[in-house]
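A.B. asks: Have a look at this one before I ask anything.
Read-outs throughout are calculated quantities, based only on the coordinates presented, and are distinct from any laboratory measurement. None of the values given here were measured: they were computed from a predicted structure. In this analysis, Cβ positions are derived from the backbone assuming ideal geometry, glycine residues included, and neighbour counts consider all displayed protein chains.
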Ligand SMILES: *Cc1c(COP(=O)(O)O)cnc(C)c1O
């Protein structure tokens, strides 16, 4: 081993980095190094893009129109600041202004709200915006802990922590992923949080936004809905509508259920919030904000307005059907008594099959992609090897699949987990099932799948 390898601090997997160095060591040609990058991208496209059943809950395949815009010329242009001739530093931005203004107005229509911002590179930064705009270091907030589905952005290790906030847990009931409203009322009245931020990466059912907002309004506390996962379901009218139920801000990822380019959105109604929010976005968190991505986001918002209701409803139908089919095949899932799920997710308890880490990797060998997940009974020491598996139906739905296909997918999963069949032979059948289905629906290129013709 070279000395640098043994002494240099490294967060990345050393073996994987070593492999990259080995590839680069085979030639001195930068052109060949570039080709190695292109080859890896191609391998991913051929495997994940064409042959796998991708059931990762935070992923969505973008439409051909959106993908084309992501590589458009406008993405090479600099356009920081607010929209408009005087607001911009640079001249020549009139067409960029048109694109950005359309994006803002389309997002407002998609989410039925008064204000939207399009410049965030991720939902992480949307949450950072909230903390910067509405809190001071030392303030108290309450948020959902990770084993119940909470996300790091609202905890000590994320933007809330970097803002120097004091964070208390929103209490949950143990088995059903439900906020324990009585315990919440008690804890909230004691801590009097300035903000309650609910951001659920594991999400099955709507949250009691109205009830929680009412409690914290006693001392002027504000409710923030981090809808990273649910943004598309909310826009499509298939979940709750947090801004109508008492949340003052809705943040969201554009690349999860919303099915647009990976990035962030922030939405609100109260004009008094506009200055603190937008002053944080620019000039604190975004300068050049990738106008190609903004154009792609604008088109995704138009797709959501046109197709969102049906598309999102089918996502929910598919996750209910998949959960039921898994349950029937001996794979325990959460919230059976409540009808499994009202979102794009299904959560399975897979401890008996080897735990989330082991199961996710075994399924990946059969070309079925999922992720390990904490479930309520997991302890802090279970973090790397939790006992849950999170399964999402966004991509299979956009590929035109319906409830019948979910039974086929559940069969594949059960053959690997319950019947212990050889992963490679199941994997070959997965490819036979998946490969003929390459068209993405619910967009202006391909409309609705044939079975859905209305
Ligand atoms: C995914 C997620 C985020 C981060 O979103 P990005 O768009 O990836 O930055 C924030 N909050 C929650 C609850 C999430 O699930």
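A.B. asks: Does the stretch 272-280 contain any residue that is surrounded by fewer than 19 Cβ atoms within 10 Å (Cβ to Cβ) and free of Cβ contacts under 8 Å to residues at least 12 places away in the same chain? Show your work before the answer.
C.D. replies: From the stretch 272-280, those surrounded by fewer than 19 Cβ atoms within 10 Å (Cβ to Cβ) are 272, 274-276, 278-279; that's our starting set.
Filter again for free of Cβ contacts under 8 Å to residues at least 12 places away in the same chain, leaving 272, 275.
The answer is yes; a qualifying residue exists.
A.B. asks: Next question, about the same structure. Looking at the stretch 182-193 only, could you name the residues that are buried (at least 16 other Cβ atoms within 10 Å of the Cβ) and out of contact with any strand residue (DSSP E or B) (no Cβ under 6 Å at 6 or more places or on another chain)?
C.D. replies: Matches in the stretch 182-193: 184, 185, 187, 188.
A.B. asks: Kindly state which helices (runs of 4 or more DSSP H) lie completely within the stretch 193-293 and contain at least 1 residues that are within 26 Å of residue 311 (Cα to Cα), within 16 Å of the ligand (Cβ to nearest atom) and in contact with a helix residue (DSSP H, G or I) (Cβ under 9 Å, 6 or more places away or on another chain). Walk me through it before giving the result.
C.D. replies: Working: elements: 209-216, 231-235, 242-245, 274-279.
Per the criteria, 209-216, 231-235, 242-245.
A.B. asks: I've got another one for you. Scan (1) more than 15 Å from the ligand (Cβ to nearest atom); (2) in contact with a helix residue (DSSP H, G or I) (Cβ under 8 Å, 6 or more places away or on another chain) for the single condition residue 183 breaks and write down its number.
C.D. replies: Unmet for residue 183, out of (1) more than 15 Å from the ligand (Cβ to nearest atom); (2) in contact with a helix residue (DSSP H, G or I) (Cβ under 8 Å, 6 or more places away or on another chain): (2).
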